[in-house]
1. Tell me which residues, restricted to the range 157-176, are under 15 Å from PHE198 (Cβ atoms), touching a helix residue (DSSP H, G or I) at 6+ places or on another chain (Cβ under 6 Å) and surrounded by fewer than 18 Cβ atoms within 10 Å (Cβ to Cβ).
2. Just checking, how many residues over the range 3-49 are assigned to a helix (DSSP H, G or I), surrounded by 16 or more Cβ atoms within 10 Å (Cβ to Cβ) and of a type outside the set (Val, Ile, Thr)?
3. Could you say whether any residue in the range 56-71 is closer than 16 Å to ILE197 by Cα and not small (Gly, Ala, Ser)?
4. Among (1) surrounded by 14 or more Cβ atoms within 10 Å (Cβ to Cβ); (2) touching a strand residue (DSSP E or B) at 6+ places or on another chain (Cβ under 6 Å), which single condition is SER139 missing?
5. All but one of (1) loosely packed, with under 15 Cβ neighbours inside 10 Å; (2) assigned to a strand (DSSP E or B) hold for ALA127; which doesn't?
6. Being touching a residue at least 12 places away in the same chain (Cβ under 8 Å), more than 30 Å from ARG68 (Cα to Cα) and in a helix (DSSP H, G or I) is the filter here, so list the residues in the range 161-208 that pass it.
7. Taking VAL116 as the residue in question, decide whether it is of a type in the set (Val, Ile, Thr), out of contact with any Phe, Trp or Tyr (no Cβ under 9 Å at 6 or more places or on another chain), surrounded by 16 or more Cβ atoms within 10 Å (Cβ to Cβ) and over 16 Å from TYR31 (Cα atoms).
8. Can you find, within the range 1-39, the residue that is farthest from PHE84 (Cα to Cα) among those that are under 14 Å from the mean Cα position of the chain (by Cα) and without any contact (Cβ under 8 Å) to a residue 24 or more places away in the chain?
Amino acid sequence: MMTIYYIAVALIQTFLAVIMFRLWRKSGSIYPIFPLIVMLGIIYDNLIIGFGAFIGEGELLKALNTPRFVIHALFTPCLMVFAFGVARRIGIGWTQSKLAHTLICVFTTAMIALGVYHEIFQLVLSAKAEYGTLRYINSAAQGPPIPAIATIIVVMIIAVFVWVKTKKPWYFLGTLLMFLLAPMAAKFVWAGNLGEIFMNLGGIFGEKTVQDEKGKG
């Protein structure tokens, strides 16, 4: 049953990625490329987990699982840069300074470096069968995923400013649902993937808000 769930999530994320791709093409900005890359990574992640039991345990599945961790470590923190870009393009005051832009880029880079250290340099893959699925997990992982948590919190904070500025709460609500569902994944395997759908919906609403605000001008 869960194999179907993961494949269904991949299809939903593909639909969301198509929407974000169109928004990116329309935007004339580099910022939407960051959530688009994250979406593509999530699609890959869900497909590998969904089809893992059919591929079977071994070196092939192990190799296919490795990019899941690499993509997550390198690109998930970039959602902070996207959130900053949303706020900056709708004219939120503090985001217009070079210092703020530098600080968000430095912090994002720091979170990427931390993720690379834990998810790539310390990657030890072990097979895990769960609810009819088969995937490889990082058995060396210890403690909470700090880069992912920091990313969600920073995006939520910036999304509050977007909400106040535009009177549209959808970007914030999408990220909030991700924040609430992510911890539940330890007990309910479906929760994290559902949270990612809401997170990406929030990102789409964030980019759409930018383009709507520019349309008013």
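1. PRO169
2. Total satisfying the criteria: 20.
3. In the first step, residues of the range 56-71 are kept if they are closer than 16 Å to ILE197 by Cα; the result is none.
No.
4. Only one criterion is unmet by SER139, namely (1).
5. (1)
6. Initially, the range 161-208 is screened for residues touching a residue at least 12 places away in the same chain (Cβ under 8 Å), giving 161-162, 165-166, 168, 170-182, 189-190, 193-208.
After this cut, where a residue has to be more than 30 Å from ARG68 (Cα to Cα) as well, the list is 161-162, 165-166, 168.
Matches in the range 161-208: PHE161, VAL162, LYS165, THR166.
7. Working: of a type in the set (Val, Ile, Thr): yes; out of contact with any Phe, Trp or Tyr (no Cβ under 9 Å at 6 or more places or on another chain): yes; surrounded by 16 or more Cβ atoms within 10 Å (Cβ to Cβ): yes; over 16 Å from TYR31 (Cα atoms): yes.
Considered against the rule, which asks whether it is of a type in the set (Val, Ile, Thr), out of contact with any Phe, Trp or Tyr (no Cβ under 9 Å at 6 or more places or on another chain), surrounded by 16 or more Cβ atoms within 10 Å (Cβ to Cβ) and over 16 Å from TYR31 (Cα atoms), VAL116 comes out as yes.
8. Among them, the one singled out is LEU36.
Since every read-out is calculated from the coordinates, none of them should be taken as a lab result. Fair warning: this is a prediction, and the values are worked out from it, not measured in the lab. Every residue, glycine as well, gets a Cβ built from its backbone with ideal geometry; the counts of neighbours run over all protein chains shown.
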